[in-house]
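Report on the structure given below.
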Amino acid sequence: MPPKKRKILWVDDEIALLKSHILYLSSRNYEIASATNGPDALELIQNQQFDLVLLDEQMPVMEGLEVLKQIKQIRSDLPVVMVTKDEAEELMDQAIGSQIDGFLTKPVNPSQVLSVLKRTLDSKTISASQFSQNWAREFANLSQIIDSDLDADGWFDLQSKLCIWEQRIDELGDSDLGEMIYDARLEADRHFAKWIEREYPDWIKADSDNRPPVSSDLVDKWLLPLLKEKKPVLFLVVDCLRMDQWMAIESLLSAQFNVKRDSYFSILPTATPYSRNALFSGLMPSELERVHPDLWTDNDEDEASSNRYEHQFLNNLLKRRAIELKPESKYVKVLEVEELSEFERKIQDYVNMPLTAMVYNFVDILIHTRQRVEVLKEMLPDESAFRSVTKAWFQHSALFRIIQAYLESGGYVLLTSDHGSLRGRRGAKVIGDKQTSTSLRYKHGRNLRTDPKQSIKIKNPEEWGLPRRGVNTEYILAREDYFFVYPTNYHKYLEIYRNSFQHGGVSLDEMVLPVVTLKGKG
């Protein structure tokens, strides 16, 4: 089928002199209509559908800028390219401010006109075609990378590549390519889980210099060097923020500030009681069990009880590292928007403090609320929608303004996440006793049974840096996009939780996290 002709309206009081241009464009699959003045052009636009308007700036009866203004009132989405003899900067500013889509300076030749038409009308199609060609090559390259023997840096790099491609596909809105990148990520997670199963116990035995950076290493590796600069630091932990979500909002800050993005691995399970306590304390959960045995006696799925020592943990870690702050560190946990607004109102009190640690739960709350509220399920059906909503939220949030205030005052912001999340698509049947925990992507209990192809089973918790929680306690961690469902009423609960965002298991999105150092430019 031949490509559809694009319909162009050319408005110029000397249109008769442009006959050769019109013939040239007609031979290139453009249908050209013409008008010699503004009122005639506006009448045509009201009664016909055009793909673009070429508009002369200097005409009798009505000048081009006034015609442009009225065109946008009739059809705000109609592209307009201004053609003018005047190159004055003021005129260009006026035109750009009036939503001009392109600019040509007389005298123009046919190839210049064709170029601006293609650039304005076909750029998305051309970009999509080029993207598809690049994606075919990159997909083959990604497959080779996934099948290779990656080390920690290799997995960090692969996660970044996948996130970048996901953003590009978001921009094109191509659902077929979206499924392809999801399949590539699923294959990557399959290999990643095998690598973690093999390597992770060795990380527990090693010191921080002989393993990749994990949750318990973050303060030592990234926060302490900033504190030694003797400038105010905001240590910001956005609960459940994934790498792709951070990369969606990174451009909002990089335009104004210096942004250095690194990666680290969340410890397992990728759940708040484990990963965030390790982050603030610098200790593995098994070490915390010896220091705070009461931490694991309560319900570890209740954040209010399981993470009540975060500030204490951080202060103890600073003390062990001989870091003395005057005044001492501040700690803020934000569960409600009003709490963040209150922090913003008092921002001048905080930007002079040597260290303020903030835990912000917006993303995690959004994930859990989505599961209960149907309208949020409609708004956030998949990862692409989550990236879009996260960016929109951040751009208009008090958190964005707080970060700006810190950086503009000469301080630093260290932003990170305690764990990510993953959309569970497939159920994995699990059998356990009544004491088994209820989480969907990880469980602890006794005599747990599930398919080893769908989970990692940990029989000796201490080898994985986990609390024993009593005699014969085992852990299971979900692989890939599986989530645990009991055989009783299996299909009912499978439907309830399928496509919900979960955490606790082993995947790139849950484990490979951003740790971002922000400072002012200059």
With respect to Thr416, is the statement that it is out of contact with any Leu (no Cβ under 6 Å at 6 or more places or on another chain), outside the structural domain of Asp183 (by TED's automatic domain parsing), at pLDDT 95 or above and farther than 24 Å from Glu187 by Cα true? yes
Meets criteria (crowded, with 16+ Cβ neighbours inside 10 Å, within 17 Å of the chain's Cα centre (by Cα) and at pLDDT 90 or above) for Val389: yes
Picked from the range 415-440 (must be among the aliphatic types (A, V, I, L, M) and in a strand (DSSP E or B)), the residue nearest to Asp262 (Cα to Cα) is Leu415
Evaluate the range 312-324: report whether one residue or more is touching a strand residue (DSSP E or B) at 6+ places or on another chain (Cβ under 8 Å) and closer than 25 Å to Thr390 by Cβ. no
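Rundown of residues vs (1) among the aliphatic types (A, V, I, L, M); (2) in the same structural domain as Arg446 (by TED's automatic domain parsing), yes/no style:
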site: Asn472; (1), (2): no, yes
site: Ile476; (1), (2): yes, yes
site: Arg479; (1), (2): no, yes
site: Phe484; (1), (2): no, yes
site: Pro487; (1), (2): no, yes
site: Tyr490; (1), (2): no, yes
site: Leu494; (1), (2): yes, yes
site: Gly504; (1), (2): no, no
site: Val516; (1), (2): yes, no
Between a first residue in the range 463-481 that is in a loop (DSSP other than H, G, I, E, B) and among the hydroxyl-bearing types (Ser, Thr, Tyr) and a second residue that is modelled with pLDDT under 95 and buried (at least 24 other Cβ atoms within 10 Å of the Cβ), which pairs have beta carbons less than 7 Å apart while being 6 or more apart in sequence or on different chains? Thr473/His444
Would you mind stating whether Ala405 is in the same structural domain as Lys231 (by TED's automatic domain parsing), in contact with a Ser or Thr (Cβ under 7 Å, 6 or more places away or on another chain) and closer than 28 Å to Lys231 by Cβ? no
Right, Met82: assigned to a loop (DSSP other than H, G, I, E, B), under 19 Å from Pro107 (Cβ atoms) and among the hydrophobic types (A, V, I, L, M, F, W, C) or not? no
Check every one of the helices (runs of 4 or more DSSP H) wholly within the range 152-240 and list those with 3 or more residues that are more than 27 Å from Tyr412 (Cα to Cα). 152-172, 175-205
In the range 241-262, what count of residues is obtained for those that are part of a strand (DSSP E or B) and either surrounded by 21 or more Cβ atoms within 10 Å (Cβ to Cβ) or among the aromatic types (Phe, Trp, Tyr) (or both)? 1
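Tally the residues that are within 13 Å of Val113 (Cβ to Cβ) and not in a strand (DSSP E or B), restricting the search to the range 22-45.
Start the filter on the range 22-45 by keeping residues that are within 13 Å of Val113 (Cβ to Cβ), which leaves 22-28, 30, 32.
Next cut, not in a strand (DSSP E or B) only: 22-28.
Matching residues across the range 22-45 total 7.
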Filter the range 486-507 down to the residues that are surrounded by fewer than 23 Cβ atoms within 10 Å (Cβ to Cβ), outside any loop (DSSP other than H, G, I, E, B) and not acidic (Asp, Glu) and list them by number. Tyr490, His491, Lys492, Tyr493, Leu494, Ile496, Tyr497
Among the candidates Asp189, Asp149, single out the residue that is at pLDDT 95 or above, under 20 Å from Ser263 (Cβ atoms) and charged (D, E, K, R). Asp189
List pairs: first in the range 42-58 and aromatic (Phe, Trp, Tyr), second surrounded by fewer than 21 Cβ atoms within 10 Å (Cβ to Cβ), Cβ under 8 Å, 6+ apart or cross-chain? Phe50/Lys7; Phe50/Ala33; Phe50/Leu44; Phe50/Leu78
Looking at the range 422-441, can you tell me whether even one residue there is at pLDDT 95 or above and hydroxyl-bearing (Ser, Thr, Tyr)? no
So, first residue closer than 18 Å to Ser417 by Cα and among the small types (Gly, Ala, Ser) in the range 350-373, second residue at pLDDT 90 or above and crowded, with 19+ Cβ neighbours inside 10 Å, Cβ within less than 6 Å, six or more apart or across chains; the pairs are Ala357/Phe235; Ala357/Leu314
Only one of Leu9, Leu23 that is under 20 Å from Pro107 (Cα atoms) and in contact (Cβ under 8 Å) with a residue 40 or more places away in the chain: Leu9
Yes or no: the range 500-516 includes at least one residue that is of a type in the set (S, T, N, Q) and free of Cβ contacts under 8 Å to residues at least 60 places away in the same chain. no
Of everything in the range 380-411, what is in a helix (DSSP H, G or I) and of a type in the set (Asp, Glu)? Give them in sequence order. Glu383, Glu408
Which condition number does Leu172 fail, the rest of (1) surrounded by 15 or more Cβ atoms within 10 Å (Cβ to Cβ); (2) at pLDDT 90 or above; (3) of a type outside the set (Lys, Arg) being met? (2)
List the number of the failed condition for Ile458; all other conditions in (1) in contact with a helix residue (DSSP H, G or I) (Cβ under 7 Å, 6 or more places away or on another chain); (2) touching a residue at least 24 places away in the same chain (Cβ under 8 Å); (3) farther than 26 Å from Arg387 by Cβ hold. (2)
Report, by residue number, each residue of the range 456-473 that is surrounded by 13 or more Cβ atoms within 10 Å (Cβ to Cβ) and under 23 Å from Asp189 (Cα atoms). Ile456, Lys457, Ile458, Pro461, Glu463, Trp464, Gly465, Leu466
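Look through the range 322-338, keep the residues that are surrounded by 14 or more Cβ atoms within 10 Å (Cβ to Cβ) and charged (D, E, K, R), and return whichever of them is modelled with the highest pLDDT. Full working, then the answer.
Let us first name the residues in the range 322-338 that are surrounded by 14 or more Cβ atoms within 10 Å (Cβ to Cβ), namely 323, 325, 329-335.
If we keep only those that are charged (D, E, K, R) as well, we get 330, 333.
Details: Lys330: 95, Lys333: 92.
So, considering only residues that are surrounded by 14 or more Cβ atoms within 10 Å (Cβ to Cβ) and charged (D, E, K, R), the one modelled with the highest pLDDT is Lys330.
The values are calculated or read from the model by the stated rules, or taken from the named source; none is laboratory data. Fair warning: this is a prediction, and the values are worked out from it, not measured in the lab. Here the Cβ is made from the backbone with ideal geometry for all residues, glycine too, and neighbour counts use every protein chain on show.
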